[in-house]
Amino acid sequence: MRKLTIHSSKSDEMFAQLQACIKGELKEDRGESILTFKNKFGKGSLRTIDFNWGVSFIDCNINLFEETKLVFDTQDLAPIEFIFITKGYFEYSENDTDVFTKLEQFQNTIISHKRNAKKTFLFPKNENLRINFIRINRQEYLQKKNNNVCQLNQLLVSLFNDSHGENAYQHGGNFSLRIAEEIKLLHSIDNTSGMMRSLSLEGRIYLILSLQLMEHKNFEENMNLPEAISKEDILKIHKLTTYILENISENISITSLSTESGLSPKKLQIGFKILYSKTVNEYVRQLKLEISKDFLKNTDLSVSEIVYAIGIKSRSYFSKIFFEAFEILPTEYRKHLKNKNSALR
């Protein structure tokens, strides 16, 4: 097992120390610190960006060739960390002990350790890991106007107000594909640049944070599913989203999805509602509409051809639901895009 020790919780200092440990390349790009490596330690990248009011974001996309223990030995007041894993798993200990908690894929997790405790992450070897951390320096965040911390439940209020780091906290909540989808959209922002990119990143991060806070609220208030949804069920539903995308031109029904996944129609409806805040039919319809927008923007297909490509039988029905969703007709949307492109030339 390899052990790395970090002596700061500040993003820039932490990344500099990580770079010294794993011998990767550390560079600044568009206001972010990006650490990439491909050597005996493993391969992958880590990036961090700091925002105002003590909010920072770390994105890890790594594969380590040896089991690795990462110990934070620091006197700093620990940030509150909102963790979400979209690929793989890792383990956490509030102190550098042999007692670890497994943090799982798609599970909403919140942690904060006591001041002077040695927060420890244990990463498995040969596992593709995609992990997001939204970190909040509580002292800075409380200076933010209209922070509304007082409106959180009592557990989090006390955590935010623990200015001396006297208490440890750990929340292993429900699994959420809705948060996973929002993180996927966060990663897609990479292709933009400038002010638009920074605003998009910050807005998406705050949206993800709000979803993680909402999950915590529901969990603490016992607003759980009326029927148990296991991790295995969640993974089956996650695979269904790929199936739906690959068969978007077909008439996708709850019955066909039930057959494909092995889940009952009732469990499918419950799962989609809790994971995506939509019924199965609402999810499929929304995906068809998003794909149709892409066709209208990036292809020369006629509206009738697009209707066929996304598996909707009636052009009039397609126009109706497109207008309900986007407040513009498909033909007008394409015309608007063409006029916009012409104006830019």
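The values are calculated or read from the model by the stated rules, or taken from the named source; none is laboratory data. Since this is a predicted model, take the numbers as computed values, not measurements. Neighbour counts run over all protein chains shown; Cβ positions are idealised from the backbone, glycine included. Only protein heavy atoms, including side chains, enter the accessible area calculation; ligands, DNA and RNA are left aside. Shrake-Rupley method; radii C 1.70, N 1.55, O 1.52, S 1.80 Å.
Per residue, how big is the convex hull of region 93-187 when only Cα atoms are used? Give it in Å³.
Hull volume over Cα atoms, normalised by residue count, gives 135 Å³.
Could you give the spread of the C-alpha atoms of region 1-158 along their three principal axes, from largest to smallest, in whole angstroms?
47, 38, 30
Can you pull the Kirkwood radius for the chain, inverse mean 1/r over Cα pairs, to one decimal in Å?
22.5 Å
When averaged across all projection directions, what area in nm² does the alpha-carbon convex hull of region 214-334 cover?
8.5 nm²
On the first, second and third principal axes, largest extent first, how far apart are the outermost C-alpha atoms of region 144-266 in Å?
55, 42, 21
Over the C-alpha atoms of region 3-80, what are the Rg and the largest Cα-to-Cα span, Dmax, in Å?
12.5, 38
Scaled to the compact-protein estimate 2.2 N^0.38 Å, what is the alpha-carbon radius of gyration of region 177-217, rounded to two decimal places?
Ratio of Cα Rg to 2.2 N^0.38 Å: 1.21.
Quick one, can you get me the convex hull of the C-alpha atoms of region 31-118 expressed as volume per residue in Å³?
Value for region 31-118: 118 Å³ per residue.
Over region 48-93, what portion of Cα pair distances is larger than 13 Å, expressed as a whole percent?
Everything past 13 Å amounts to 72 percent.
Given 102/267; 293/340; 114/145, which pairs have Cα atoms separated by over 18 Å?
Those over the limit are 102/267; 114/145.
Residues with beta-carbon under 11 Å from that of residue 153, excluding residue 153: net charge, scoring Lys, Arg +1 and Asp, Glu -1?
The answer is -1.
For region 270-345, just the Cα set please: Rg and Dmax, both in angstrom.
Here Rg and the maximum Cα pair distance are 14.0, 49 Å.
By how many nm would the segment from residue 127 to residue 256 grow when fully extended, if each residue of separation counts as 0.36 nm and the alpha-carbon distance is taken off?
Full extension from residue 127 to residue 256 adds 43.1 nm.
Run the helix sum for the chain: -39,500 (n - 2.57) per DSSP H stretch of 4+ residues, divided by residue count, reported at 222 nm to the nearest 500 deg cm²/dmol.
-13500 deg cm²/dmol
In the chain, carbon and sulfur make up what percent of the accessible area (probe 1.4 Å)? Walk me through the numbers before you get to the answer.
On the way: 8840 of 18010 Å².
Carbon with sulfur: 49 percent of the solvent-accessible area.
In percent, what relative contact order does region 1-108 have, based on Cα pairs under 8 Å that are 6 or more apart in sequence?
Numbers: 170 pairs, mean separation 26.2, N = 108.
Averaging sequence separation for qualifying contacts and normalising by length gives 24 percent for region 1-108.
Obtain the nm distance between the two label points defined at residue 232 and residue 158 by a simple spin-label model: each point lies 7 Å from its Cα along the Cα-to-C-beta direction.
3.7 nm
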